[in-house]
């Protein structure tokens, strides 16, 4: 069942890496404890062209986002894969591992999608902005990696007016 803007964000705890490269369990409540918005984005795979573009775009714009929101990327990749991805591209935000795809499914970011004209099942590139009280305030599905971070920043600026 799709989750919509205005609903409470599904709760979760996943193994992941903090911005400081600490490996630990990270829960939704941990990401919201700074009383900032949360940009929670779901992506298919570490070290692939689109996912690298999106991750580096978040990295390069964290100075524009950091005072407004916490950023966390979620994929089915392992912690080991995340470590290499984070290190290779010097990523400065949370990377969370969802190998069972439970959180991906809870956020409607896993299912049927079209790729090169074929229907496949996999991760649907999606982004959510979650308010400090845990409410979903913005949702994007089938995101195009290039230029998406600018849309996220514009939305955060609107929310903070």
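The values are calculated or read from the model by the stated rules, or taken from the named source; none is laboratory data. Fair warning: this is a prediction, and the values are worked out from it, not measured in the lab. Cβ sites come from the backbone with ideal geometry, for glycine too, and all protein chains shown count toward neighbours.
Quick notes on this one:
- Considering residues of region 109-122 that are within 11 Å of residue 142 (Cβ to Cβ) and buried (at least 16 other Cβ atoms within 10 Å of the Cβ) only, the residue modelled with the highest pLDDT: 109
- Looking only at residues in region 1-17 that are surrounded by 15 or more Cβ atoms within 10 Å (Cβ to Cβ) and at pLDDT 95 or above, the one that is nearest to residue 135 (Cα to Cα) is 9.
- Within region 123-142, restricting attention to residues that are in a loop (DSSP other than H, G, I, E, B) and surrounded by fewer than 20 Cβ atoms within 10 Å (Cβ to Cβ), the residue that is modelled with the lowest pLDDT is 142.
- Count - residues of region 56-78 that are modelled with pLDDT of 95 or more, touching a strand residue (DSSP E or B) at 6+ places or on another chain (Cβ under 7 Å) and surrounded by 15 or more Cβ atoms within 10 Å (Cβ to Cβ): 10
- Some residue of region 144-152 being touching a residue at least 60 places away in the same chain (Cβ under 8 Å), in a strand (DSSP E or B) and out of contact with any helix residue (DSSP H, G or I) (no Cβ under 7 Å at 6 or more places or on another chain): no
- Check on residue 155, out of contact with any helix residue (DSSP H, G or I) (no Cβ under 6 Å at 6 or more places or on another chain), without any contact (Cβ under 8 Å) to a residue 60 or more places away in the chain and not in a helix (DSSP H, G or I): no
- Residue 89 falls short on exactly one of the conditions (1) modelled with pLDDT of 95 or more; (2) within 16 Å of the chain's Cα centre (by Cα), and that condition is (2).
- Selection status of residue 97, touching a residue at least 12 places away in the same chain (Cβ under 8 Å) and in contact with a helix residue (DSSP H, G or I) (Cβ under 6 Å, 6 or more places away or on another chain): yes
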